[in-house]
Structures are given as C-alpha cells and as structure tokens.
Amino acid sequence: MNRWLNSALSRTLVVAAVFGAAVVGAAAAGSSAAAELETLTPETWEEYAPQGKEVDCIYGDYVLRNDLITAVIAQPVATRNANMTVRNVGGAVIDLTSRDRPNDQLSAFYPGAAEFPLKLLGCGANGEPTLSGEAAAEPAAHCAARGQTVYLEVHAPAEEGRPAVKTRYELSDGSPWLVVRTTYFNSHTQPLEVTLQDSLRADRGFELGEDDPLNLFWAYDPWWNQAYGVVADEARIMVSGGARPLLQYAHAGNAKIALAPQSSHTLVRRLIPARNLLEVKAAARQLAEHQDHPLRVRVEDAQGPVEGAFVTLARGESRYGWGRTDASGLLETSLPAGEYTATVTSPVHPEASRAIDVKEGSRPVEPFVLAEPGYVVANLRDGEGEAIACKVEFVGLSGTESPDFGPDTGIYGVKNLRYTPNGEFRQPIRAGNYLVRISHGPEYDALVEEIEVREGEVTNLRGALNRSVDTTGWVSSDFHSHSSPSGDNTSSQRGRVLNLLAEHLEFAPCTEHNRISTYVPDLEYFGAVDRMATCTGMELTGSPLPVNHQNAFPLVHQPRTQDGGGPVTDPDPIVQVERLAMWDNASDKLVQGNHPNLLQVLADRDLDGQGDGGFEPMIGFMDVIEVHPPGEIFNPPSSLEPSARDRGNTIFHWLQMLNLGYRVPGVVNTDAHYNFHGSGWLRNYIRSETDDPAEIDCMDMVHAAEHGELVMTNGPFMEVYLQAERPGRNSASGVGGNVSAPGGKADLSVKIQCPNWFDINRVQVFVNGRPVEHLNFTRRANPDRFSDETVKFDSVIPLELDADAHVIVATIGEGLKLGPVMGPAGETAPVAVSNPIFVDVDGNGFKANGDLLGLPLPLPSDFKPSHGHHHSHSHGDHSHEHPH
C-alpha cells in the first residue's frame, strides 16, 4: 500500500495530531514557507543547528528542516563520529527534533545498519540537483537548497559481493517526518543476497516498543519529552538487539532478498520525531490512512495547570500510549475511536483515572483535577548570608514514600534529591513527613531536620550552611567527570555542573570522553563563573581497558569540530599517551593516567603473570595517576592476581612505584557519569595561592598537581607538613616536596578537620610505603590526640629515619561511614591520604629504596629502578624536586 499522503487535508490532519492546532492553519492554507537544506558552517550555525541534550552536529554536517522538524545528517566521511560510542556516523541521522520545541535526544539512525561506508552523492530541491558529480565528491562540499521538497543523497559504490547503495533523505514542506529511501543495486553478473536493515541508538531512558498493526517501531523517553518512530512501506519491521535495536524489514518473514544481476530494490522508511508516544502513533496512523479523532486532556490542581503529569491511555488491559502535559497542563493528540481508560500520574500528585469515550463529535474531556501537593520553599544561605549552591535530600518518614523527582540524568530534581544553584527553590511534593538533609560538600556542616508537608500548604525550608572546615591555602578539585557528550551515558552536562557546584568543587576541568568540551556555558547559565574554576580538557579513551584511558587539561578547544579538536585514540597505549602529551604543540598541560591497572603498566602487558616490560614507557608521559579507592592503603594485598578487568589494589602498586623511584603523584576522582550523588564523593585538595575560585589559574592547578602538592580524600581535610633541623637553616616542606634531614630526625605536623556529618579515628604514618607500628594513632589508644570538635587531630609527630624515605600520612574512620549525605558512596569509611614528602637523610639527594613491599612484581630481569623518573615531554620539570 502507498502510505504517502498526497492530499493537503491528510497532511493537515497529521500536523494537527503531532504538532497541535497552533500550526494547522498555516499547513491547511498551504504555507509559502519552503523546506530547506543547509550545510552547517560558522555562518549558518546559529540559524540552523538544533538544540537538545543529545545534539552532536558539527561544522560540515547537513541540516534538512521545514516549519515542523529539523534533521541533521552527519557529513559522510570515514572519520565522522558523533561521540565515543556512537561512531562511524557519516551519512547517518544524528539529530532529529521538532522546530517549535527543539529537544534532540537521538544518538543515531544508521541506514543499512552502518554496513556500508557512505559518501556524498548530491543534493537538491524539487527533484533538481544543486550539487552532484565531482563537486559532491569534494571534501568540503557545500549543500544548500530550498523548495517544496529538499533531498540529500549519500551512496556506497559497489564492491565485490556487495551491491551499490544509495540513500536519499527527503523532507517536504509541512511534513512531520523525514523520508529515508535506500536503493540497493546489483551491478555484478551474479545474484547477490542483501539484508534489509537499519540500526538505531536511542540510549538509556528510552522505552522501546512495536505496534504491529501500524508496522511501527517506537522509542520514547518520557522524562526528556522526546519520542521517535520508524514506519516502513511494504516490508514488515522485525526488531532485535535489545537496548540497541536492529530493525530488519521482512518480506514473507525474511529480511534477506535476492538481487538478480542488474536489478535493484528500494526500501522506504519514515522517521517521526514527536514529544511523546501518542503523537508518534497519531502520525503513523495518518500514514496508514486510518481515521483518528482529536483528544485534549487537561490536568490541573487547585493552583492551576499541572506541567509534566503522565497521561496513560489504555484499551482494556493494554497500554495504547502515553505522554506528559505541557506548561499549560495540556496533552493534545488524536486517537482511533473507542473506549479508553485515562490514568494520570505525577511525581508529586496522587493518581487519578477515568473512562474516556473517543468518537467523532465527542464532547471535550472534563479536566482532571488532582489533589494538591504541598510545597517546600527553600531559602538557604551560607554562614555569611550569601546564596549557596546545595544538595537537598528528602527521605520519607512514618509511611511517607521518598519522592522521585526525576531520573539520574537530570538537572534539578534527581531521584529524591533537589539540587539548587543558589539555595532557592519551590518544590511541589506529596503531603507527608520527611527527613531533609542539606549539604554543600565536606567543608560545610550539613543541616538535618524533619518537616511535615501538608496538602496545599507551604513548608518553608530555611537555614545557614556553616563553613566549619578551614581550608585556607587549598582548593578542592575533581579531575575526572562525564556527562552526555562523552557518549557512554545520557546525563545532562548542565546537571553535571550543578552537581559540582552543589558539592563545592572549586576547580573542575571538563573531561568528556574523546571530545574536548567546556563547562563555561553552563556556569554562565547558573551565574556561577566566579564560583568554580574550570578549563577545557578531555579523556582520551581507547583500548585496552582500563590501561588506555588518559585525561589531559588544558587543551585548545575548537568548538563545533570533530572531537572538539582533540586527538584520536590508538590501540598502543604508549603511542596514545604520548600523542595526548604532545598535543597542541607539546603545550604545558596535566596528563593523568586514569584508573590504571598498574601491574599491567609496570610489568605485565598481557597479564599472564610473566614479566614483559608492561607498558612502562607510558609513565614517562604521566604527570599524575589515579589511585582510588584511597582506603585500600590500609588493606595491602596478600598476592598478585593479574586480571584485565580487576585493577587490583592500585594505591598499593603506586607505593611500589614510589619505591622504584617513580615520582608521579597520586590523585583520586569520581569519574562521575550520572547525576544522583554523582560528584563530590572523591576529591583532591590542591595547594593554591588563592582561595577564591574566580582567581584560580588553571596552570597553577596543573603545576601544583605535577609537584604532588595535593591530598586525596573522600571527605576529611588533612594538612601534612614536615620540618627538620639542619646546620644554618631548617628544611621544611608540605606534601610533594623535599626535605633534607641530616641524621634522620624530623617533626611531622598533621592536622585533620571534618564537618559535623562524619569522623575519623585513626592516623597512620607510612614510611617508604610501609605502615610504621609506633606511628599508628587511634582514638581508642591515643584519645588525647583526638577531638570531637571540627579539628579532629592536630599533632606534631617526631620521626627518626634510618635512611632516605618518602613519608605519607593516611587517616580513616575505621568502623565508621561517610554517611548518607554522600548517597551510595556514604557506605565507605571517611579516608584521606597525602602525597609523599621526600626526605634526604644522607645528604646525597633522595634515593628510592626499591622495596616492593613483600609482593615482587614480574619485572624483566634487566629492569633497573629509576631514580627520580623524568618525563620525556616538554611541558615542565617533572622530577618534582624543588625547594619550599
């Protein structure tokens, strides 16, 4: 059956069903506006690039748009990747959304399931080419056209055993769908078998389904208000592949067709973007020339329209479709005649349902009037009365369920958390009793109180978050965070930035996977550019995992270009990390080894238990190495068990590295991917000349980190300082520095602070990676050294060293937990670990002792411990030996 609607009346019905009555008049009258095709360039970007959390378009991609929808076709070149996991998208649909409410959530629609490498063939309007032939083959071919119908063609030439393939994207004025027309041509002398298939990426948060009578595949993410549909002409859609669906198009149950020599077959699909599943089905029914009837559902409470209410329509026991109300409390769609049960749910309202009879000339549906929620109105400040970003958790009490404000990909309402950039919000919430926790990271005391919320009433949430922990001279940082641009998650980047602000991270580079990106637009959105320092960077993420992942910052950001101007991965980790270190003309930057398997790096490349040199040259390009979880310093392993996925005890292997002579500081980072307690539960305190985030210079952070002037923690703030007497003048240093201590005598000063929501009870000094028994202090054995105030420990500890040594201090709350303020990570014990201070006892400069701490590594027989490992790249002196 021909499902293309030729009549203006049918097209008007589709527009009404999918996009609402506001645009019907223009469509019915035959709007003079034309469909457009344009190439994205610096000159056309602001006008044509769509918006949405999952937008991946860059310069050189092609936009087809009309008055209703916008589609982006990725430039058909072999190097075009949308992001780290959505790869080889040249010639694929990578962005698809409506014009009136641009909200792209599509990762990619691959015609032919990406089996054929596509190149540009041509483009035009109304069947007439504006670009074709040799001009289309140019690397920077510019397509532009305007008319009743515009088209873009991509193709793959025939190869041995494979047909020639041509895909034509068409968009007509007034059409709410993109037509995808793929022709397979057998130019060979023998028959060919071809599988008719596409693949689609609509990632986490989407529900996927089929409507067999409509021959419709659909994907719908209700929280992000975006749905997609695929309808095929003639062939029956068969779906497999789970969360990453493969769509096959079958004739008589078989998606494979036989192409005789010099014959062709054309497959036609239509891609439908819509706000919800009901709208997708309405469009699909119009394509099938089924008759529908308009439905308008209004949801309100005593305060007026209810936005974001879920409206589910069921026929008997089966859900037909669902959607969410807009800011006017309306859900408008069209449905086949029949009796339905409409059920309205909301995160903050009780459920309501009603039978609805849909038929021609039926009366308007009476509004759903929901019982009113209560309202929590927050006005939270810091101890000086200034606005403060914070995290507010609501936990149900006395039979009240904890709320679920939204998914872990969100910005403000995330599960039972409400994030705020300024301490203010008005949050509807179901009536009941709640425990409320208010926090702003581990330098601030948390507020905890119980509230009762009554239906229709306002409950005020007021308070001041006191900064009890004094971190003068230090700033908190997280060097490793992710959001949707990384490609392995779908979290809002704006939500990531709000996470960081609410957890009081004062410096956080942007480190998306395989893409240089920036947090600046989001900081500007929140009015918070003076509250968190940042810079552009990336995580270069290759294989093998986990050894071939490295961060670097700052890097030169080239917006709207492939990978933001960043380097590409390499299967050889040594080549990759050198490429990253040398990027931007070997500029001064921090290179970080991410969550490495240090056994594999140092000694055993293939993890077979036999020494083969590992990937040891990588270390020469690393300025810092992630060593989390920090608490494992208290749990040394009893054996080496090499595993490709199990990194083992990273911090223990780092101690071995220090003893081998490597001078690469340790860091800990969250590697956050989602926004439910995503940031804040690991951080580094970096020595800084300023305590004002607005005054932080990224390069100061880089150089301080390179020199190990940082303390790793999941909460406790610890300061460590070592001083030794020597003839003529004293020698002293904080973490990362060098001290000369003739005779081995020195004083180690340790000060630890905690806010009111966690505690520590043990302080251990490690000398050359080994815990010294008489330098172990516990609250039980040494109560005079500990306090119940903010300053938990403040002592000068005499040291007597027999030989050169690096000194590390670690603290832990044994048997204690970080606590619920940090969500799931709160189940771990509070821990902080300093970077080493290097002590020269014999006056000949510090020399590592080579001690492998009872677990010899499978090092090559000719391995010689390096002394003061120096980096071969040019961005700074990495020996870390400097006077303080």
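With respect to the cross-link table entries 751/792; 751/847; 256/281; 745/847, which display a Cα-Cα separation exceeding 19 Å? If you can, show how the numbers build up before the last one.
Values: 751/792 8 Å; 751/847 28 Å; 256/281 28 Å; 745/847 17 Å.
Over 19 Å apart, Cα to Cα: 751/847; 256/281.
Scoring 85-91, 244-250, 224-230 by mean Cβ neighbours within 10 Å over their residues and listing the highest first yields 224-230, 85-91, 244-250.
Please list, by residue number, everything in the range 311-337 whose backbone N is under 19 Å from a paramagnetic label point 7 Å out along Cα→Cβ of residue 366. Within reach of a label on residue 366: 312, 330-331. Scanning the chain for cysteines with no neighbouring cysteine C-beta under 4.7 angstrom from their C-beta gives 57, 390, 510, 754.
Taking amide H positions as modeled 1.01 Å from N, with prolines and chain starts lacking one, the residues under 5 Å from residue 761 and 5 or more places away or on another chain are 812, 813, 814. In order along the range 369-376, the Karplus-derived 3J(HN,Hα) couplings, from 6.51 cos²θ - 1.76 cosθ + 1.60 at θ = phi - 60°, round to 9, 8, 4, 6, x, x, 9, 9 Hz, and Gly and Pro are given as x.
Ignoring everything except DSSP H segments at least 4 long, calculate the 222 nm mean residue ellipticity for the chain; use -39,500 (n - 2.57) per segment, divide by total residues, nearest 500.
Details: 11 runs with 91 residues, N = 884.
Result for the chain, helices only: -3000 deg cm²/dmol.
Do you know the relative contact order of the range 388-532, to the nearest whole percent, from alpha carbon pairs under 8 angstrom that are 6+ apart? The partial results should precede the final answer.
Values: 279 pairs, mean separation 33.0, N = 145.
23 percent.
How big is the gap, in Å, between the Cα center of the range 582-632 and the Cα center of the range 381-409? The two parts, judged by their Cα centres, are 39 Å apart. Looking at 413, 738, 102, which one has the Cα that reaches farthest to the positive end of the dipole of the chain (charges on Cβ: Lys, Arg +1; Asp, Glu -1)? Farthest along the dipole direction, towards plus: 102.
Charges were assigned to the Cβ only: +1 to each Lys and Arg, -1 to each Asp and Glu. The resulting dipole of the range 461-544 about its Cα centre is roughly 220 debye.
Could you list the trypsin sites (Lys or Arg not before Pro) in the range 681-764 that lie in coil according to DSSP, counting only those with at most 12 other Cβ atoms within 10 Å of their Cβ?
Answer in residue order: 729.
For the chain, with the dipole built from +1 on Lys and Arg beta-carbon atoms and -1 on Asp and Glu ones, taken about the Cα centre, which of 260, 179, 225 lies farthest toward the positive end? Final value for the positive-end residue is 260.
Report Rg/Rh for the range 121-243, rounded to two decimals, where Rg is the Cα radius of gyration and Rh the Kirkwood radius. My calculation of the ratio gives 1.02.
Phi-derived couplings, Karplus 6.51 cos²θ - 1.76 cosθ + 1.60 at θ = phi - 60°, listed residue by residue for the range 845-852: x, 5, 10, 5, 8, x, 5, 9 Hz, with x used for Gly and Pro.
Each Cα pair under 8 Å and six or more residues apart adds its separation to the average, and for the range 589-673 the resulting relative contact order is 33 percent. Using the 1.4 Å probe convention, the accessible area of the chain works out to 38 Å² per residue with neighbouring protein chains retained.
Compute the length gained on full extension between residue 689 and residue 772: take 0.36 nm times their separation in residues and subtract their Cα-Cα distance, giving the result in nm to one decimal.
Details: separation 83, 0.36 × 83 = 29.88 nm, distance 3.30 nm.
The span from residue 689 to residue 772 would gain 26.6 nm if fully extended.
Simple rule: put +1 on each Lys or Arg Cβ and -1 on each Asp or Glu Cβ in the chain, find the dipole, and look at 537, 318, 713; the Cα lying farthest toward the positive end is 318. Split the accessible area of the chain by element, probe 1.4 Å, and carbon with sulfur accounts for 48%.
Entry for the range 227-302 at q = 0.11, 0.14, 0.19, 0.22 Å⁻¹: log10 I(q)/I(0) = -0.44, -0.64, -0.96, -1.12, Debye formula applied to identical alpha-carbon scatterers, no solvent contribution. Contact order for the chain, expressed relative to its length and based on alpha carbon pairs under 8 Å spaced 6+ residues apart, stands at 8 percent.
If the only charges are +1 at each Lys and Arg Cβ and -1 at each Asp and Glu Cβ, what is the size of the charge dipole of the range 679-800 around the Cα centre, to the nearest 20 debye?
Working: 12 positive and 18 negative charges, 135 e Å.
Here the size comes out at about 640 debye.
Using the average count of surrounding beta-carbon atoms within 10 Å as a protection proxy, the listed peptides 796-805, 111-120 rank, highest first, as 111-120, 796-805. Taking the Cα centre of the chain as reference, the dipole from Cβ charges on Lys and Arg (+1) and Asp and Glu (-1) amounts to some 1940 debye. Protection proxy ranking of 265-276, 194-205, by the mean of other Cβ atoms within 10 Å over each peptide's residues and highest first, is 265-276, 194-205.
The values are calculated or read from the model by the stated rules, or taken from the named source; none is laboratory data. Predicted, not measured: the structure shown is a model, and the values here were computed from it. Methodologically, a virtual Cβ is constructed for each residue, glycine included, from the backbone with ideal geometry; neighbour enumeration extends over all protein chains shown. Please note that ligands, DNA and RNA were not included when accessible areas were found on the heavy atoms of the full protein model with its side chains. Shrake-Rupley method; radii C 1.70, N 1.55, O 1.52, S 1.80 Å.
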